[in-house]
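Data first, discussion second: the structure below is written as structure tokens.
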Amino acid sequence: MKLPELKIGRFTARIPIVQGGMSVRVSTSSLAAAVAECGGIGTIGGSGIPIDQLQEDIRKAKRMTGGVIAVNIMFAIKQFTEAVKASIEAGVDMIVTGAGFSRDIFKVGKEYDVPIVSIVSSPEFGKLAERLGAAAVVVEAKEAGGHLGTDRPLRELFPEVRKVVKKIPLIAAGGITDGFEIAEMIGKFGADAVQMATRFVLTKECDVEEGFKRAYQEARKEDVILIESPVGMPGRAIRNRFLDKLAAGEKVYDGRCREGCLKSCNRKYCIIDRLLMSRDGDAEEGLVFSGENVWRFKDIPTVKELIDRLVAEAESVYDPPPATAGM
């Protein structure tokens, strides 16, 4: 059966798949535009990039597609409000925000008529986001990559948030690997859509260097570990030489802040430097964020090939939930 469309604010995606926004410079216009062109929501990672370059990338994505383009901006960065307003000025369709919770962002969204999508990891913050004016909520569970706000699995956490978020779309995120799981989350659990990030790194349009993609392809289940991030939140990444040094207590950073990017940083290492190193191909000394199930992915299709596969798998088993379960 055909999957439902996803409506967020005044925007409609004909396929209920949101490509997660990955910083630093992992999900850029080339990936986001390809996803949007296929009918999903493409998301640019908006943190760890100079604001003028972020605006340029948003404009580039908008030139490449008439689909829905979002930008993900971490609340943890110092220039959070400036990045949000600059993204709106550049013509982005919606703002996705996580790694902390901003109350003021909803006022900005209302002022500029731009939907705000909140990433949450608890029923309490899901309910608060809806009350404050979020256009949609992403429930991100422990299986996700990057910075994590919970140690609870998606299939345990999502139903609790679904009980309290009732008037706006609720999107399931964390560890979703294929179309069968998409159908499960929408049909069985009442999600309005899913968000997938890790799976989209291994596509031809994701323009990270080959060393980054190779780390994903070669990762074993036991290589995906939890780490302490300078942001002050746990993170999920692929074990490598850099993380082994960190675990052994070796000094990997001189403590002098050159980026000044975060509101709070423990300065054990520079997360921007390490993320850029991995993005540029050094997957041993860089920080390689990934979802818990990265070890399941080996092939590198085009975005269209991937989305066609996901949709075909999902629609082969999809059974709509009862009318009382989602929106």
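Summed over the stretch 193-202, residues that are closer than 23 Å to LEU6 by Cα and either surrounded by fewer than 23 Cβ atoms within 10 Å (Cβ to Cβ) or basic (Lys, Arg) (or both) total 1. Set side by side, the residues ALA32, ALA90 differ, and just one is aliphatic (A, V, I, L, M), closer than 28 Å to GLY260 by Cβ, buried (at least 24 other Cβ atoms within 10 Å of the Cβ) and out of contact with any His (no Cβ under 9 Å at 6 or more places or on another chain), which is ALA32.
Of all positions in the stretch 303-320, at least one carries a residue that is part of a loop (DSSP other than H, G, I, E, B) and at pLDDT 95 or above.
Could you tell me whether ALA34 is under 18 Å from the mean Cα position of the chain (by Cα) and touching a residue at least 60 places away in the same chain (Cβ under 8 Å)?
Values: under 18 Å from the mean Cα position of the chain (by Cα): yes; touching a residue at least 60 places away in the same chain (Cβ under 8 Å): yes.
So ALA34 fits the description; yes.
When the stretch 160-175 is filtered for residues that are β-branched (Val, Ile, Thr) and part of a strand (DSSP E or B), only ILE171 remains.
Counting the residues of the stretch 124-161 that are surrounded by 22 or more Cβ atoms within 10 Å (Cβ to Cβ), of a type in the set (D, E, K, R) and over 13 Å from the mean Cα position of the chain (by Cα) gives 0. Working carefully through the options GLU259, GLU250, find the one that is closer than 24 Å to PHE101 by Cβ, part of a loop (DSSP other than H, G, I, E, B), among the acidic types (Asp, Glu) and outside the structural domain of LYS78 (by TED's automatic domain parsing). Selected residue: GLU259, the only one of GLU259, GLU250 that is closer than 24 Å to PHE101 by Cβ, part of a loop (DSSP other than H, G, I, E, B), among the acidic types (Asp, Glu) and outside the structural domain of LYS78 (by TED's automatic domain parsing).
Within the group VAL303, VAL317, which residue is within 20 Å of the chain's Cα centre (by Cα) and within 27 Å of ALA193 (Cβ to Cβ)?
Details: VAL317 fails: within 20 Å of the chain's Cα centre (by Cα).
Matching residue, one of VAL303, VAL317: VAL303.
Being touching a Gly at 6+ places or on another chain (Cβ under 9 Å) and either on the phi > 0 side of the Ramachandran plot or not aliphatic (A, V, I, L, M) (or both): is that true of TYR318 here? Walk me through it before giving the result.
On the way: touching a Gly at 6+ places or on another chain (Cβ under 9 Å): yes; either on the phi > 0 side of the Ramachandran plot or not aliphatic (A, V, I, L, M) (or both): yes.
In short, yes.
State the number of residues belonging to the stretch 69-82 that are surrounded by 23 or more Cβ atoms within 10 Å (Cβ to Cβ) and either at pLDDT 95 or above or among the charged types (D, E, K, R) (or both). Of the residues in the stretch 69-82, 5 are surrounded by 23 or more Cβ atoms within 10 Å (Cβ to Cβ) and either at pLDDT 95 or above or among the charged types (D, E, K, R) (or both).
Okay, residues lined up against (1) touching a helix residue (DSSP H, G or I) at 6+ places or on another chain (Cβ under 6 Å); (2) touching a residue at least 12 places away in the same chain (Cβ under 8 Å):
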position: GLU209; (1), (2): no, yes
position: ARG220; (1), (2): yes, yes
position: PRO234; (1), (2): no, yes
position: ILE238; (1), (2): yes, yes
position: ALA248; (1), (2): no, no
position: VAL252; (1), (2): yes, yes
position: TYR269; (1), (2): no, yes
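The values are calculated or read from the model by the stated rules, or taken from the named source; none is laboratory data. It should be emphasised that the depicted structure is a prediction, and the values quoted were computed from it without experimental measurement. Quick reminder, even Gly has a Cβ in these numbers, built from the backbone with ideal geometry, and neighbours come from all protein chains shown.
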